[in-house]
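Step one of this worksheet: look at the structure below.
Values quoted throughout were computed directly from the atomic coordinates according to the rules given, and no laboratory measurement underlies them. Remember, it's a predicted structure, so these values are computed and weren't measured experimentally.
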Amino acid sequence: METAGLRKMAVGRCHLTQLHMNEIYLNSVRSKKARVEIIPLIDVVFFLLATFVLFVLSLEKMGVLTTALPISGPPKPAVEDHTLYLASSDDGFYFWKEGKLGPSETISTTELGPRLADYRRRVKIPRVMVGGDSKAKFGSTVKALDEVRKAEITQVAIGTLPSEFGF
C-alpha cells in the first residue's frame with residue numbers, strides 16, 4: 001500500500017508512514033542526554049595522584065650549600081681625596097689644588113718648593129698629579145716635576161689632558 005512514495009505500516013490499529021517513524025526515532029534520540037560516569041573519572045584522578053606522589057618520592061634529594069652572606073653595618077666613611085693637582089700655566093705660574101673639590105690657588109715658582117715640603121709633612125700618603133694647560137711650556141712642567149722629586153714625594157702622575165685637573 002504505497003501512496004505517493006510513502007509506505008504505510010499497520011501498527012495495531014494505527015497506520016504510520018516512514019516519515020512519522022523517522023520523526024519518532026529522532027525524538028527518542030534527542031530525549032536521551034549524555035551521561036558522564038563519575039566513578040571512572042575518580043579512578044583516573046586517583047591513579048594520576050598516586051603516580052605523581054610516587055614520582056616525587058623517588059626524586060633524589062638535593063644538597064644545600066651554606067653561604068656566608070654579608071652583614072650590614074654602618075656605612076664606611078668616605079675616603080678623603082688628598083691628591084695634589086699641580087698644573088703649570090703659560091705665564092710661569094702654577095695652579096695648586098688639593099683634592100678634586102678643593103679650592104684652586106695660583107702660586108709662583110718660588111712658593112712651589114716650600115709648599116710641596118709642607119704638603120709632604122701634612123698628608124699621610126702624598127700623591128701629586130702634575131700637568132699643564134694647553135699653552136704652557138714643557139719646561140715649567142719639568143720644573144714642577146723636579147720640585148716634587150726634591151720634596152721626596154714618590155707617588156707622582158702626569159696628566160696629559162687639562163680636563164683631568166678641573167681648573
Task: Rg over Rh [alpha-carbon atoms, Kirkwood Rh] for region 56-117 - done: 1.63
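Multiply the residue separation of S108 and K135 by 0.36 nm, subtract the distance between their alpha-carbon atoms, and state the gained length in nm to one decimal. Intermediate results must be reported in sequence, preceding the final value.
Working: separation 27, 0.36 × 27 = 9.72 nm, distance 1.71 nm.
Residue separation times 0.36 nm, minus the Cα-Cα distance, leaves 8.0 nm.
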- [ ] Work out, step by step, the length gained on full extension between R35 and F47: first 0.36 nm times the residue separation, then minus their alpha carbon distance; give nm to one decimal.
- [x] 2.1 nm
- [ ] Determine the gain in length on full extension of the stretch S89-L161; use 0.36 nm per residue of separation and subtract their C-alpha separation, reporting nm with one decimal.
- [x] 24.6 nm
- [ ] Determine Rg/Rh for region 36-92; Rg is computed over alpha-carbon atoms and Rh is the Kirkwood hydrodynamic estimate from the same atoms.
- [x] 1.74
Open item on the list: From the phi angles alone, apply the Karplus equation (6.51, -1.76, 1.60; θ = phi - 60°) to region 69-74 and give each ³J(HN,Hα) in whole Hz, x where the residue is Gly or Pro.
Closed with: 7, x, 9, 7, x, x
Task: Semi-axis lengths (Å, descending) of the ellipsoid that matches the C-alpha gyration tensor of region 84-164 - done: 18, 14, 12
